[in-house]
1. Taking the residues in region A:225-251 that are more than 20 Å from the chain's Cα centre (by Cα) and under 17 Å from residue A:288 (Cβ atoms) as candidates, determine which candidate is surrounded by the most Cβ atoms within 10 Å (Cβ to Cβ).
2. For region A:419-435, how many residues meet the condition of being hydrophobic (A, V, I, L, M, F, W, C), away from chain B (no Cβ under 14 Å) and touching a strand residue (DSSP E or B) at 6+ places or on another chain (Cβ under 6 Å)?
3. Which count do you get for residues in region A:25-37 that are in a loop (DSSP other than H, G, I, E, B) and hydrophobic (A, V, I, L, M, F, W, C)?
4. Need the failing condition index for residue A:48 against (1) over 30 Å from residue A:363 (Cβ atoms); (2) of a type in the set (D, E, K, R); (3) at pLDDT below 85; (4) surrounded by 15 or more Cβ atoms within 10 Å (Cβ to Cβ), just the number.
5. Inside region A:440-465, can you point out the residues that are assigned to a loop (DSSP other than H, G, I, E, B) and either touching a Ser or Thr at 6+ places or on another chain (Cβ under 7 Å) or farther than 22 Å from residue A:199 by Cα (or both)?
6. Just wondering, is there one or more residues in region A:32-39 that are of a type in the set (A, V, I, L, M) and buried (at least 16 other Cβ atoms within 10 Å of the Cβ)?
7. Quick one: count up the residues across region A:3-24 that are out of contact with any strand residue (DSSP E or B) (no Cβ under 8 Å at 6 or more places or on another chain) and not in a helix (DSSP H, G or I).
8. Taking the stated definitions as given, is residue B:154 facing another protein chain (nearest Cβ under 9 Å), surrounded by fewer than 16 Cβ atoms within 10 Å (Cβ to Cβ) and not charged (D, E, K, R)?
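The values are calculated or read from the model by the stated rules, or taken from the named source; none is laboratory data. Only a predicted model underlies this, so the values are computations on that prediction, with no experimental measurement involved. All Cβ positions, glycine included, derive from the backbone under ideal geometry; neighbour counts span all protein chains shown.
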Amino acid sequence: MAYYRSTVLVSMDPACIDKGALAVKEQLINELANLNLSEEVQVMDIPRIGDPETEGPDILVYPEGSHYIQLTTATVGPIVIEHFIKGRELQQYKAQMRDVTDEELREPKDKEIRVILENIGKIDPRNIEDYIAVDGYQALAKVLGEMSPEEVIQTILDSKLRGRGGAGFPTGLKWKFARQSPDTPKYMVCNADEGDPGAFMNRKVLEGDPHSVLEGMTIGAYAVGANQGYVYCRAEYPIAVSTLNTAIEQAREYGLLGKDILGSGFDFDIEVRMGAGAFVCGEETALLASIEGARGEPRVRPPFPASKGLWGKPTNINNVETYANVPKIIHRGLEWYTSMGSEKSKGTKTFALAGDLVHTGLIEVPFGTTLREIINDIGGGIKDGKAFKAVQTGGPMGGCLPEEFLDLPVDYETLGAAGSIMGSGGMIVMDEETCMVDIARFFMEFTQDESCGKCVPCRVGTRRLLEILERICAGKGVPEDIPLLRQLCDEIIQDSLCGLGQGAPNPVISTMKHFMDEYEAHIYEKRCPAKVCRSLITFEILADNCTGCTVCARNCPVNAISGERKQTHVIDTELCIRCGICKQVCNFDAVVIN
Amino acid sequence: MTSTPMQLDPLENPKMREVIDNTISEFGDQNGALMVVLNHLQERVGFITKPMQAYVAEKLGVPVSKVHGVVSFYSFFTTEPRGKHVVKFCIGTACYVGGASQLIDKAKQVLAIEPGQTTPDGLITLEVCRCVGACSQAPVVVVDEANHGRVKPSQFGKVLTDIQKSEAAV
């Protein structure tokens, strides 16, 4: 292989080609040849570098990383001479250093270890060579070249990798069961139906590092003996779907998917299937029904998918993040992997931090990190100097934990014991201005809407739970509601078929356990301590603070605020729908809630 | 999304009929084809009427009841035409905590329609949706395919006037 001292990447985005990228490239090659640099400088195409509309055609020169923009055939010559002969950058054509602030993924904080997220933002997800350059597909080559399927399964068992979708089932064991199933053909499915509100870890991985998931799936397919795979991605993630499809095409071109992968004789291909907006399809049996083209209704397990899954054949289903772990474990070794994490949960976990924190976004920490470290050290604590009230983990089937649980190390067992769940990794932090009864009501609205309707306890039970909670929030709760809620929760958990029904009452149970005082205030005193529940509050404008700027009156959706310019404004409580917009827009803290 | 006269079923419109036929022949012969066909029909036609459901059922050789069952199960499938632009409010947890309901109030006030309805001129449909996975930018409003993050009620008017302006410019 020729050795080049520099590489020039030329953006081949359609918009760049429109603006003459091909001529620029030709000119570049000619200029380099004229200076006898063809042996030293390599010219390659890349799908896109900067913003094609404003910066294209553009090139990126490595190893310096210089980004030259808005090129024409006339500017290529001077850049080549300055950069490659004189060794200095030609400032006038260079892109301004941009503040790259990906709000979803910031620079890692001290307590973070990035394994799953490490490549995101650093490689071009639409260029397989970027992934290969960071040791991508090395693990697959090792597996196909040196390991038997049994050895792969044993390695994953020894790594103690557990399902990142939320249940925490040992991945190696799942693979073993699927391998042992006598029936054929076998299928490999990736659950990318990340439906928990507040969770977007999987989307980021699919959009930023799709090959890590494809490689993990292919290794798994080799281990269980599957030749066809499906990624089931929710329809809310159109960019993830298109990135995945590009990645799959490129992997096929490179012989990393399809027939006879890397000359090993092993065949495996992957297809992306889209959901259509049903939360329950994240449940594995519902997901399989949906791939089969039916309503996404869960069915009774056993038989588990490992013996009877897609089209009645043995099927292995893992979550996006689980698959993304696999190549890293194989490539870097067990010793490295098992050095991270807690006793029973090895490795790292990504979380989507959201809510009332200073820094929200994606994080990745080893198992065993405490909630307090995540919230305060990584999340920067509660914003606007307010007090912490609760952290909600695990999505709508999870629970809310108060202050006293913050020193718990995060793993599957401890969160479960505390009355919440690990879930897929949504973590929503709420400050003192959040009403916990309202939050329970919010989650119940979600689950009753998303219940597939197959089991009566879930379909009707969640509806009744919601009605009771709505009643309490409206100030019409009665003391009997509390035991009624408890009984209903127990019955729904006991009698529902799938995880959705069994988990649906969790937000109610956990808020009743930790925040009973708020339920009691709503029921006995008809008061919402957090001043959220609309029926139990009124808004008022303080004459002392009001400057008569009219901002509130102009923003009120129901025109309930009256007052002349520079005069104190007044809210008509009869008309007021208590939406709180006036309080939000007031610059003088003149609007208060009673 | 292609606009269609409201009173005419897409099957009666030769152009749409062709789109439907092409979609069915393109995706109809794979395993689990029904979902794939319906997803593409929803995208290309914009909605899936009852006659279209019956047509798909006949072409794919599955009962109409199954097609209708699938269409009514998934929230992405709609049976009626939507506005030219769809404004969706994310009401995932982070957006809810971040004030999504105030945004919806504001939208109802400005457009005088409820979520699920379309403005009389057929320009804008309001919808609410579950988490779009952009929680760090809560509250999020999705206009067609583009996410707008950290939208305050006072800024929401601009989102709508931008749509109206882009229409006027066409």
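1. Checking each candidate, the answer is A:226.
2. 0
3. So the answer is 2.
4. In the conditions (1) over 30 Å from residue A:363 (Cβ atoms); (2) of a type in the set (D, E, K, R); (3) at pLDDT below 85; (4) surrounded by 15 or more Cβ atoms within 10 Å (Cβ to Cβ), residue A:48 misses (1) alone.
5. A:451, A:453, A:454, A:455
6. yes
7. 4
8. For residue B:154, the condition - facing another protein chain (nearest Cβ under 9 Å), surrounded by fewer than 16 Cβ atoms within 10 Å (Cβ to Cβ) and not charged (D, E, K, R) - is met.
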